[in-house]
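Enquirer: Structure in structure tokens, see below.
The values are calculated or read from the model by the stated rules, or taken from the named source; none is laboratory data. Keep in mind that what you see is a predicted model, and the values were worked out from it rather than measured. Here the Cβ positions follow ideal geometry from the backbone for every residue, glycine too, while neighbour counts run over all protein chains shown. Only protein heavy atoms, including side chains, enter the accessible area calculation; ligands, DNA and RNA are left aside. Shrake-Rupley method; radii C 1.70, N 1.55, O 1.52, S 1.80 Å.
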Amino acid sequence: MQQNQTSDDQHLFDLWLKGDPQGFSGLYDKYKNRVFGFLVRMTGDREIAEDLLQETFLAALRNADQFDRSRSFLSWLFGIAHKRTIDFFRHAKVETEHKSDAETAVGSKIDAPDQQLSDQNLRALINEAVETLDPLQREVFLLRELGGVPFKEIAKIMDCPINTALGRMRLALKNIRKELKKRGIDGVQ
Amino acid sequence: MACSNLEETVLLYSSGELSEKEKKSFESHMSICDECREEFDSYRREQERFFTCDVLGEVPSKDVDKEILRVCSDARKKVTGLGNMPVFLKKTIYSLTFFVVGFVVVGYFAMNTEQSKQSNLNVVLENELFDSTNNSQKQNDNTAIINDSDSLNDTNRFFSKNRGNLDQNGVIPVDLKNK
């Protein structure tokens, strides 16, 4: 499955390099939601995330010759998105702050813990739990779960030892579970 | 979790980053350790239900999609022929260009240095030649000055005899005889 995914991406990437618009639009349509989700969660602002999404794909386009074909295209794209996010915070000097009202806003959405959650509610709950994470934990979590980036690559992207990346992921999962429990979701059966 | 060292191994096992040996070792551990197996199962269920693209992803607006596709299509057009070349070919072209430019620049400066050395030598030679010519010229000039002063003295003598002393009167003599 993963192998097919990679070969599909390679094929679209080759089309992209040859200047075939289907190559770019194919890869863009396939991965835009993942990359955009990552950028929205990291910046907390849709408009900024839209700008960064454009910058990410433009940077990928300009540096297409640097893509190492032994890696997955999505991992590479998430590496670029990570750099764009870092640049954004460096230049804008915007401080990422946790939204303190996340907990209060969500509590009222569930009437009973065993209530059947709609997809929309579940989405909101999970994302609110993700937003409460420390930015470094959140980034490792999103790189892994949205980007499917292996931990070895996450460590490289974030310039830290692999054990640090694993430790952050472990804490991220622990904190998400804790937050979900507060909101009435206790594990998945 | 009691198997604290294995918490991270569960993550590496899930992401498929364990070697074959490590993988087999961990699988045999999970067969006897309920805690690790539960942790792995729980994480896998969370990934399937919670941590999916539908839940964590976001959909950009249609306008943004259009704009990005337009901008990226323009940028693609701007990428020149080099953009499609293999990396090793690009590197070769860049290094050759760098070498040629470097060669031209170094050659230009080397030639300039040589020329300036040559012109300095010429200047020294010219100066020496000029000095020697100048000395002989000076000697000639001195002779000429002496001759000139003799001729002036003669003229003065001529006019003073005929129209008075020019030095005392300050009158510009005009030779009316020849007019």
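Enquirer: Let me have the relative contact order for region A:112-189, percent, based on Cα pairs under 8 Å that are six or more residues apart.
Expert: 38
Enquirer: With the cut-off at 27 Å, tell me which of the pairs A:Lys181/B:Lys21; A:Lys156/A:Lys178; A:Lys32/A:Lys83 have Cα atoms farther apart than that.
Expert: A:Lys181/B:Lys21; A:Lys156/A:Lys178
Enquirer: Same structure again: In region A:47-96, which residues become less accessible by 30 Å² or more once every protein chain is in place, relative to the chain on its own, using a 1.4 Å probe?
Expert: A:Glu50, A:Gln54, A:Leu58, A:Leu61, A:Asp65
Enquirer: Here's another thing I want to ask about it. Running Debye on region A:112-189 with equal point scatterers at the Cα sites and no solvent, what base-10 log of I(q)/I(0) appears at q = 0.14, 0.19, 0.20, 0.22 Å⁻¹?
Expert: -0.49, -0.79, -0.84, -0.95
Enquirer: Ok, one more. Once both labels are modelled 7 Å past Cα along the beta-carbon direction, what's the A:Gln22-A:Phe89 spacing in nm?
Expert: Once both label points are built, they end up 4.0 nm from each other.
Enquirer: Give me the accessible area buried between chains B and A, both sides summed, with a 1.4 Å probe, in Å² rounded to the nearest 100.
Expert: 4100
Enquirer: Using the basic label-point model (7 angstrom from Cα toward the beta carbon), what is the B:Asp41 to A:Thr164 distance in nanometres?
Expert: Taking the simple label geometry, B:Asp41 and A:Thr164 are separated by 3.6 nm.
Enquirer: Cα-Cα pairs above 23 Å in region A:1-96: how many percent?
Expert: 25
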